[in-house]
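Each reported figure results from applying straightforward, stated rules to the coordinates on display, with no laboratory input. All values derive from a computational prediction rather than experimental measurement. Cβ placement follows ideal geometry from the backbone for every residue including glycine, while neighbour counts extend to all protein chains displayed.
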Amino acid sequence: MSMVSTNETISRQHGRSATPAVLVLFAVLVCLILVSITIGRYDLDVLKVIRILADNLIPASNADWTVLEEQVVELVRLPRILAAVLVGAGLAASGAALQGLFRNPLVDPNIIGVTSGAGFGGTLAILSGVFGYGLLAIAFLFGLASVMIVKVLASSRGRTSVLALVLAGVIISAFFGSAISIVKLLADPHQKLPAITYWLMGSLASTNYEDLLLMAVVMVPALAVIYLMRFQINIISLGEEKARALGSPVATVQWAVLGATAVISAGVVACCGIIGWVGLVIPHVARAISGPDHGRLLPVSILLGAIYMLLVDNIARTVTTAEIPVGIITSLIGVPVFAVLLRRMQSRGGWKSD
Amino acid sequence: MKTVVFTGLAAMLAVSVAHAADKPISFEDHRGQKIELAAPPERIATIIRAAPFIYYSADRTTDHMVAVNADSIARMKNFVYADLIPELLELDGAAARDGFAPNVEAILATNPQLVIQAMHNPDLIEPLERVGLKVAAWGCCSEQQRLDYITMSGIISGHPERAEATLKLHYDSNAAMKAKFGELADDKKVSLVYIEKLGDQIQVVANPSQDFSLSGIKNLAADDSGEWWKNVDVEQLFTWNPDMIIIPAQAVALNPSDFYAHPLLSGMDAVKNKRVYKVPKFNASPDSPELFLSAVWLAMVAHPEMGPIDQDFRKTVRDAYVTIYGREPDDALVNRILELEANSQAPGYAALFK
């Protein structure tokens, strides 16, 4: 059986068409973005928000808004809303790709060590008084380095054992977790320690257009790589032996997908801190909608992830007068949702690769 | 700066000290526990950060403070005390590293006759009393408790008259301010927000034990939660849009120029009108005995329409330091205390205080 026919078989076996779902989710996302711009602590009505945004395209002759209102819409809310969309899409796509690649429902960017590695890089940067692009670069490099170490530890004779990968991820995460604790111990308790603690909890509060551009430059190509690998991920999800027999370049695909997910996760951690559970939970929900074919699963995951992250960020910035770090909310929601999904999967006979 | 030589004769002073040294000490601490000593202690340890300069104001020497909180020395480096009473920086910081957890063995090694400790957690006092140390507990953080610190320091050091002189300054100044602003209508009060950190989260002072009504001011961030600080997001700040923004003196790294250069804040009234002020160094700690000067300063910057509230505030500041600490700050130090450089962009500031 050729690889093309194998992909067709996977698609046929789960013959649901994802197009309507993708269209509906896309429409929901667009509506949610518009609604999100109108909500926040600063009171602004929908029409005024629309007029402020439209003013960028067709300058209004009688602007009836203040500088403060324009700043709220264009400098405070819009960049973080777009960042939430990008972060949610990236993390969900990473989780979906990794779960398929390693045929394991528990694999996500946290498990493979990239998050804690990038987290350590970021805390080290804050401790050293490095912020801005310096912080992004250091977090990013540590994230990539940690995933490379995990892959090397888990690979033997050109093959990567899923169990070894998860264990290597746990080891590296534990190592960087301890390293983060040391950095916190050394940090000035009045200035740097609160900054480190808050940054680690994940937040989109201070996202500006520069951060957004940086994230997009890093994450969009990585997302494209993952999407281009969708058929290869389908084949590898049947098992490495079968994939090799079908002529799939398993090691190359694994490195490419791991590299792309590492780039996305490190980019997210570097810009926004640690935001967990999105890459673990969203692909499961998406799989229930689209089935396991990654040609459908990835677009659905991307849209669902964006919607989810946007909702979480809306909660984070509106529930109290202070910002609630989004990492806290994604964990609070993610854990029970994942527990329910786990129970349902077990009642249906477990994950297909068990 | 020069050490003030009191007009009293040296012989009379010697008699007075001898008299104080012989007198038994008895007072109730904030637990209601009676503390008795045969004479003013010659060896005293303290873990409360503000205690070194409060106790100095009564004792006028650092010879009797054998161990203090290392964090209080670090903080005093940024306060006026580093210039005014530099010997405070030479104290032994072995009593605690930061926070209130005592280093019991280090304190024991200094063999103190009395330890001044915070009482918000019984576990902070019990380890000291378990090894036989006598502990005076200071509660926090009502205005009365802060005034009690001064009273207790006067009694412990054997110089209650110095504490009384400091308290008289406090009461007289506040009474004068109350007479001037006590009946000011709410709509005539100037609104402010006290901002201590300007980052991902904006940390505002919600509950300072400072009566803003004495200065004809209302703190928009004030609440009754009892929490000293609270975190808000930038939209909440826009919603308040106060007339003035005040930066506490202890926020060493934050200055009005940070607000004027901030890309999101240019639409706020306080920023547009250059009414962002760094509070003078006499407000560096909420426990400072000279804190009452803040009410006068605040009224002067908030209500320029009322004319000079204090005709020669610089002299008032100098006299206060002489009365409280027995040290007179020179002109350059008064400039630094009043933050003339940091507040130079505020209209009329130099004319008011130069």
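Relative to the longest principal Cα axis of chain B, at what angle does helix B:10-22 sit, 0 to 90 degrees, rounded to 10?
Compared with the principal axis, the helix lies near 70 degrees.
If you keep only loop residues by DSSP, which trypsin sites (Lys or Arg not before Pro) in the range B:64-129 have at most 15 other Cβ atoms within 10 Å of their Cβ?
B:77, B:97
Just want the ordering: A:271, B:141, A:31, from fewest to most Cβ atoms lying within 10 Å of their own Cβ.
A:31, B:141, A:271
Post the alpha-carbon centroid distance, the range A:260-331 to the range A:71-122, in whole angstrom.
Between the Cα centre of the range A:260-331 and that of the range A:71-122, the gap is 6 Å.
So what is the orientation-averaged projected area of the range B:260-354, using the convex hull of its C-alpha atoms, in nm²?
Averaging across all directions leaves 6.6 nm² for the Cα convex hull.
Please give the average number of partner chain Cβ atoms lying within 10 Å of the Cβ of each residue in B:230-243, rounded to a whole number.
Taking the mean over all residues of the peptide, I get 6.
At 7 Å along Cα-to-Cβ for each site, give me the label-to-label distance between residue B:145 and residue A:156 in nm.
Placing both labels 7 Å along Cα→Cβ, they lie 6.1 nm apart.
Straight-line reach from residue A:184: which lysines have a Cα under 26 Å away, not including same-chain ones fewer than 8 places off?
Straight-line reach from residue A:184, under 26 Å: A:192, B:77, B:197, B:230.
Rounded to the nearest 500, what is the 222 nm mean residue ellipticity of chain A from helices alone, with -39500 (n - 2.57) per DSSP H run of 4+ residues and division by all residues?
So the helix-based figure for chain A works out to -24000 deg cm²/dmol.
Can you give the extra length, in nm with one decimal, that the chain gains between residue B:344 and residue B:77 once fully stretched, where that is 0.36 nm per residue apart less the Cα-Cα distance?
Result: 93.8 nm gained on full extension.
Using a Cα-Cα cut-off of under 16 Å, which lysines could be cross-linked to residue B:34, ignoring same-chain neighbours fewer than 8 residues away?
B:134
Can you tell me the FRET efficiency between residue A:106 and residue B:179 if r is taken as the Cβ-Cβ distance and R0 is 56 Å, rounded to the nearest 0.05?
It comes out at approximately 0.20.
Determine, for B:327, A:103, the number of other Cβ atoms within 10 Å of each Cβ, and report the residues in order from fewest to most.
Lowest to highest Cβ neighbour count: A:103, B:327.
Order of A:112, B:25, A:58 from fewest to most other C-beta atoms within 10 Å?
Least to most surrounded, the residues fall as A:58, B:25, A:112.
With Cβ to Cβ distances under 14 Å as the rule, what net charge do the other residues near residue B:110 carry (K, R +1; D, E -1)?
Its environment carries a net charge of -2.
What does the C-alpha gyration tensor say about the overall shape of chain B? Classify as rounded when a/c is under 1.5, otherwise prolate if a/b is larger than b/c, or oblate.
Prolate, since a/c reaches 1.5 and a/b exceeds b/c.
Want the number for residue B:257 to residue B:130: 0.36 nm per residue separation, take away the alpha-carbon distance, what's left?
Extra length from residue B:257 to residue B:130 when fully extended: 40.7 nm.
Quick one: length gained pulling residue A:220 to residue A:318 fully straight, 0.36 nm per residue minus the C-alpha distance?
Answer, rounded to one decimal: 32.4 nm.
So if R0 is 25 Å, what FRET efficiency would residue A:19 and residue A:241 give, r being the distance between their Cβ atoms, rounded to the nearest 0.05?
Result of the calculation: an efficiency of 0.15.
For A:321-329, what's the mean count of beta carbons from other chains sitting within 10 Å of each residue's beta carbon?
Rounded to a whole number, the mean comes out at 4.
Could you give me the percent of Cα pairs per 10 Å distance bin for the protein assembly as shown, shortest bin first, beginning at zero and ending with the bin that holds the maximum distance?
3, 13, 19, 19, 16, 13, 9, 5, 2, 0, 0, 0
How about the range A:89-138: which chymotrypsin sites (Phe, Trp or Tyr not before Pro) there lie in a loop by DSSP and see at most 14 other Cβ atoms within 10 Å?
A:131
Consider a paramagnetic label point 7 Å from the Cα of residue A:35 along Cα→Cβ; state which residues of the range A:305-338 have an amide N under 17 Å from it.
Counting backbone N atoms under 17 Å from the label point, the list is A:305-319.
Just grab the label-to-label distance for residue A:186 and residue A:133, each label 7 Å out from Cα along the Cβ direction, in nm (one decimal).
Modelled inter-label distance: 2.6 nm.
Give me the lysines in straight-line cross-link reach of residue B:188: C-alpha distance below 21 Å, same-chain residues under 8 apart excluded.
Residue B:188 reaches B:178, B:180, B:218, B:272, B:274.
Is the shape of the range A:3-347 best called rounded, prolate or oblate, per the rule: a/c under 1.5 gives rounded, else a/b larger than b/c gives prolate, else oblate, with a ≥ b ≥ c the square roots of the Cα gyration tensor eigenvalues?
Oblate is the answer for the range A:3-347, as a/c is 1.5 or above yet b/c matches or exceeds a/b.
Determine how many Å³ per residue the convex hull of the Cα atoms of the range B:195-354 encloses.
110 Å³
Rounded to the nearest 0.05, what FRET efficiency do residue B:105 and residue B:28 have when you use their Cβ-Cβ distance and R0 = 35 Å?
With R0 = 35 Å, the Cβ-Cβ based efficiency is 0.75.
Give or take rounding to whole Å, what are the principal axis extents of the alpha carbon atoms in the range B:75-124, in descending order?
35, 24, 17
Divide by every residue of chain B the summed helix terms, -39500 (n - 2.57) for each DSSP H run of at least 4, and state the resulting mean residue ellipticity at 222 nm, rounded to the nearest 500 deg cm²/dmol.
It comes out at -10500 deg cm²/dmol, rounded to the nearest 500.
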